[in-house]
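Taking it in order: structure first as structure tokens, then the write-up.
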Ligand SMILES: Cc1cc2nc3c(=O)[nH]c(=O)nc-3n(C[C@H](O)[C@H](O)[C@H](O)COP(=O)(O)O)c2cc1C
């Protein structure tokens with residue numbers, strides 16, 4: 001049975017989740033959502049099983065994923081599923097995704113799962129490191145093995161319900177989506193920049209241009225924070241809430257630079 005998993009990731013949690021599911025299902029193609037960003041029209045998928053994997057942003061799904069889901073034609077798929085990875089709370093993101101499919105195609109997701117993984121937004125909370133990070137990742141791997149088994153059996157799994165997640169989404173998600181492309185105005189780069197250009201290479205949506213060997217953000221940001229977390233000199237900061245100076249950086253241990261470049265497509 002052929003499966004396609006569409007994914008978006010900033011720091012590797014969602015890609016690691018997608019890879020774990022693919023390894024159990026077999027005959028599975030992984031497609032980066034960002035690589036399809038500049039294409040037009042409906043995305044028709046002919047696989048028997050179709051899955052989406054992405055992070056939770058402000059209790060919803062990243063803007064790029066919402067726009068992608070609106071274009072995705074799942075009418076030929078026998079079974080659909082979604083997995084969101086999150087730092088703490090995000091079931092409402094699954095309701096959002098399922099709602100998009102209900103609106104565009106008259107069917108909801110067959111199965112929807114939320115998996116806790118290390119948080120990657122330092123202005124809000126320091127990303128876990130060391131043993132704490134290992135513990136969270138181990139738990140996530142066990143949960144993903146369980147989820148892969150349910151998907152393989154074709155089980156119907158509705159998203160759970162969290163009133164808190166729904167309330168947060170109601171309050172914060174609208175302004176987040178409206179303003180996210182311009183949110184890069186709060187990124188800055190310090191003199192410790194080594195001009196290596198890693199930030200531009202890892203940005204899934206090609207939002208960074210190197211000008212005079214320094215990053216300049218182009219205002220179509222998704223706020224995935226890959227630039228912040230990958231900078232080898234920690235020269236990039238995000239000046240919102242508590243800021244990011246000395247507040248740690250995070251990348252899933254299996255994530256490679258090439259994985260991030262693959263999201264940029266051609
Ligand atoms: C802009 C932004 C907003 C976030 N909002 C939430 C949130 O509302 N709830 C949550 O549990 N985690 C939130 N997170 C944490 C991520 O969802 C989580 O770390 C995710 O696993 C990252 O996936 P990735 O490594 O595939 O990018 C947020 C992260 C970012 C960058």
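The values are calculated or read from the model by the stated rules, or taken from the named source; none is laboratory data. Note that the structure is a prediction, hence the values are computed from the model and not measured. FYI the Cβ positions are ideal-geometry reconstructions off the backbone, even for glycines, and counts take in every protein chain you see.
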Residue within region 156-171 that is within 14 Å of the ligand (Cβ to nearest atom), more than 19 Å from the chain's Cα centre (by Cα) and part of a loop (DSSP other than H, G, I, E, B) present: yes
Failed criterion for residue 152 (all others in (1) under 28 Å from residue 257 (Cβ atoms); (2) touching a helix residue (DSSP H, G or I) at 6+ places or on another chain (Cβ under 8 Å) hold): (1)
Residue within region 169-178 that is in contact (Cβ under 8 Å) with a residue 12 or more places away in the chain, under 23 Å from residue 261 (Cβ atoms) and in contact with a helix residue (DSSP H, G or I) (Cβ under 9 Å, 6 or more places away or on another chain) present: no
Candidates 130, 154 - the one that is within 22 Å of residue 77 (Cα to Cα), surrounded by fewer than 20 Cβ atoms within 10 Å (Cβ to Cβ) and assigned by TED's automatic domain parsing to the domain that holds residue 61: 154
Any hit, region 73-82, residues being under 30 Å from residue 172 (Cα atoms), more than 16 Å from the ligand (Cβ to nearest atom) and surrounded by fewer than 18 Cβ atoms within 10 Å (Cβ to Cβ): yes
Residue match in region 125-145 (condition: outside any loop (DSSP other than H, G, I, E, B) and over 30 Å from residue 230 (Cα atoms)): no
Residue list for region 34-72, restricted to those being surrounded by 24 or more Cβ atoms within 10 Å (Cβ to Cβ), within 16 Å of the ligand (Cβ to nearest atom) and part of a helix (DSSP H, G or I): 34, 65
Index of the failed condition, residue 258 passing every other in (1) touching a helix residue (DSSP H, G or I) at 6+ places or on another chain (Cβ under 8 Å); (2) surrounded by fewer than 19 Cβ atoms within 10 Å (Cβ to Cβ); (3) without any contact (Cβ under 8 Å) to a residue 40 or more places away in the chain; (4) within 20 Å of residue 36 (Cα to Cα): (1)
Selection within region 4-32 - out of contact with any helix residue (DSSP H, G or I) (no Cβ under 6 Å at 6 or more places or on another chain), assigned to a loop (DSSP other than H, G, I, E, B) and in contact (Cβ under 8 Å) with a residue 24 or more places away in the chain: 12, 27
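Residue-by-condition table, conditions (1) away from the ligand (no atom under 13 Å from the Cβ); (2) buried (at least 21 other Cβ atoms within 10 Å of the Cβ):
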site	(1), (2)
87	no, no
94	no, yes
97	yes, yes
105	yes, no
109	yes, yes
117	no, yes
125	no, no
134	yes, no
Residue among 206, 185 that alone is in contact with a strand residue (DSSP E or B) (Cβ under 9 Å, 6 or more places away or on another chain) and surrounded by fewer than 18 Cβ atoms within 10 Å (Cβ to Cβ): 185
